[in-house]
Structures are given as structure tokens and as C-alpha cells.
Amino acid sequence: MIETKRVYDGPSEGDGFRILVDRLWPRGLSKEKAKIDLWLKDIAPSNGLRDWFSHDPNRWREFKRRYYEELKDKGELINAIREKEKSKKVSLFFGAREEKDNNANALKEYLETQ
């Protein structure tokens, strides 16, 4: 089972294995407070794609399409998430204010449909 959660909301017992899927560490949040088990910054969208998207809801569908293309070259990182998911719940953490249209939700959808 995979869920997504905003990293600033803090840890909870039900999070399972906690993976940060952002390229940049969340501003103002210490590693101790975040309690992240694994930081997969290389699974995040490229800087160019992230800048292009800029959390514009009108670009969401195209963002996902482009991000999924990038994910095709990241099989090793996808497999790392799938391996963790076999034994426990996995939570994908993101730092964006936008809780719906963000890379963690796009990644979750990708993992569930591939």
C-alpha cells in the first residue's frame, strides 16, 4: 500500500516506510524532525520539468505525461519502492503546498498503474 503525505505534517505511526520524493530537502525542516527513512531525490522530476510545471493546474496532465517519460529511465529507483512495499506500507513525502497536483501523487499513480 502506498500513500502520499506532506512532509511538513509530521510523522505518524501509520506512515510505514517514509520516502521523501523531492529533489530538494524541505526548507526549514530538520532531518531529525522529518524522520525520513529514505530520500530518493533522483526519482523527483527534473529541474526543467519542475520549473515548467510550477504547480499550474492547467499543466497537470502534461506534467504527468512528461514525468512518466522521465520515470521510464529510473527503473532501479522504482524497484526500490516496490521492494519496500512488499513488506510494509510506504508513504511518499513531498514538500509542496499543493496537496493534490504534485510529484508524489503523480509517482503514486505511476506505481499503481505500471
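Only the coordinates and a few stated rules stand behind these numbers; no lab work does. It should be emphasised that the depicted structure is a prediction, and the values quoted were computed from it without experimental measurement. For neighbour counting, all protein chains shown are included, and Cβ atoms are generated from backbone atoms with ideal geometry for every residue, glycine included.
Comparing Lys35, Lys72, Lys84 in a Gaussian network model of the chain (Cα springs below 10 Å), the most mobile by mean-square fluctuation is Lys72.
Mean residue ellipticity, 222 nm, helices only, the chain: the sum of -39500 (n - 2.57) across DSSP H runs of n ≥ 4, divided by residue count and rounded to 500, is -12000 deg cm²/dmol. Computed over the alpha-carbon atoms, segment 7-114 gives an Rg to Rh ratio of 0.94, Rh here being the Kirkwood radius from the mean inverse distance. Taking Cβ atoms as reference points and 15 Å as the exclusive limit, the residues near Pro11 contribute a net charge of +2, counting Lys and Arg as +1 and Asp and Glu as -1. With K and R counted +1 and D and E -1, the other residues having a Cβ less than 12 Å from that of Val90 yield a net charge of +2. Counting lysine pairs in the chain whose alpha carbons fall under 14 angstrom apart, excluding pairs fewer than 8 residues apart on the same chain, gives 11.
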